[in-house]
Amino acid sequence: MAKRVFTEEERTEYREKMLDAGFDLLKEYGMTHMSVAKITEAAGIGVSTFYNFFESKEQYVYEVMAYRRRKIPEYLQLALNGKEKAGPAEARTYLKMMIDDRYSVFPSLTPEDEQRLLEMLPEQARPDLNKETGIGKRFFQIMEGVRQM
């Protein structure tokens, strides 16, 4: 059977449906017990459609995490609540968002899930310590009362 050809608009729509559904499924089932059938059912599409977008469930989980990570600036703006600098209350709100299971999938992943993800990721997609350090530095730059080092 030939693969269906999707328009760019359809590709974007289906991909976002699956990525949004994946976040809740990861929290409920973890990576090990989340199936492609559960993903496609939650997104309202057929199982074969999944493979038009993702090569494997592990790649999909990585994409869900990357998709959620791209939302971090939105969380920061929510935490700042209209301010330009973050005081202690805003910093606490933001940090809670980073570990709260309403915003992050990490509390739902087992150490085995994390190891499987690291093993399957290409080198360029693995966590980059320099990039992570840069994100941390930017966060501290918007906080009130933090001295430059």
Heads up, I need the accessible area for Arg116: 1.4 angstrom probe, whole protein in place, Å², nearest 10. 80 Å²
With every protein chain in place, the accessible area of Lys85 for a 1.4 Å probe, in Å² rounded to the nearest 10, comes to 90 Å²
Sequence of Met34, Met65, Met120 from largest to smallest accessible area, 1.4 Å probe: Met120, Met65, Met34
Taking H placed 1.01 Å from N in the peptide plane, check which residues at least 5 places from Ala86 or on another chain put their amide H under 5 Å from its amide H. Met143, Glu144
In terms of the alpha carbon gyration tensor, root eigenvalues a ≥ b ≥ c, rounded if a/c is under 1.5 and otherwise prolate when a/b exceeds b/c or oblate, segment 25-97 is prolate
Accessible area, 1.4 Å probe, largest first: how do Asp113, Asp24 sort? Asp24, Asp113
Under 5 Å between amide H atoms, partner at least 5 residues away or on a different chain: which partners does Tyr51 have, H built in plane at 1.01 Å? none
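The values are calculated or read from the model by the stated rules, or taken from the named source; none is laboratory data. Keep in mind the model is a prediction, meaning the values are calculated, not measured. Side chains are part of the model used for accessible areas, which takes the heavy atoms of the whole protein and leaves out ligands, DNA and RNA. Shrake-Rupley method; radii C 1.70, N 1.55, O 1.52, S 1.80 Å.
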